[in-house]
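S.K.: Here it is, the structure in full.
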Amino acid sequence: MTKKDSSPPPRTSRPAPSTLSAGVVVVRQIADKRNYLLLRAYSYWDFPKGEVEPGEEPGHAACREVEEETTLRDLDFRWLDYDAARELLVPRVQAILDWADEITKRNRR
């Protein structure tokens, strides 16, 4: 009997730098606790996300990816300003958000 390998397949190439992805941080508030939806792929945990198809709006792509990966539909988006949204997130995700915000600011200069 052989042991099944659960490691991800080796990467043969990286996506082109111009690849755009979109995703959603799905949060459900129950009493005073926030629950985050994470998906597991091999040994990694991540939020639902995927590539934006040609001609597709990123917001639509994000919703499509959530439905494809979780079967959730009709998400209730409550848009928050940056600081309010950041406070909802765990520290690791806050760091990712800050990094993305810094890159966006640099690209605008």
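The values are calculated or read from the model by the stated rules, or taken from the named source; none is laboratory data. Because the structure is predicted, anything quoted here is derived from the model rather than measured. Positions of Cβ are backbone-derived with ideal geometry, glycine not excepted, and every protein chain shown enters the neighbour counts.
S.K.: Consider TRP45 against the criteria (1) exposed (fewer than 11 other Cβ atoms within 10 Å of the Cβ); (2) over 14 Å from the mean Cα position of the chain (by Cα); (3) modelled with pLDDT of 75 or more; (4) not in a helix (DSSP H, G or I): it satisfies all of them except one. Which criterion is unmet?
M.R.: With (1) exposed (fewer than 11 other Cβ atoms within 10 Å of the Cβ); (2) over 14 Å from the mean Cα position of the chain (by Cα); (3) modelled with pLDDT of 75 or more; (4) not in a helix (DSSP H, G or I) applied to TRP45, the lone miss is (2).
S.K.: Kindly indicate whether any position in segment 22-36 is within 16 Å of the chain's Cα centre (by Cα), at pLDDT 70 or above, surrounded by 10 or more Cβ atoms within 10 Å (Cβ to Cβ) and polar (S, T, N, Q).
M.R.: yes
S.K.: Considering segment 53-108 alone, what residues qualify as being over 13 Å from VAL24 (Cβ atoms), of a type in the set (Val, Ile, Thr) and modelled with pLDDT of 90 or more?
M.R.: Listed by number, the list holds a single entry, THR71.
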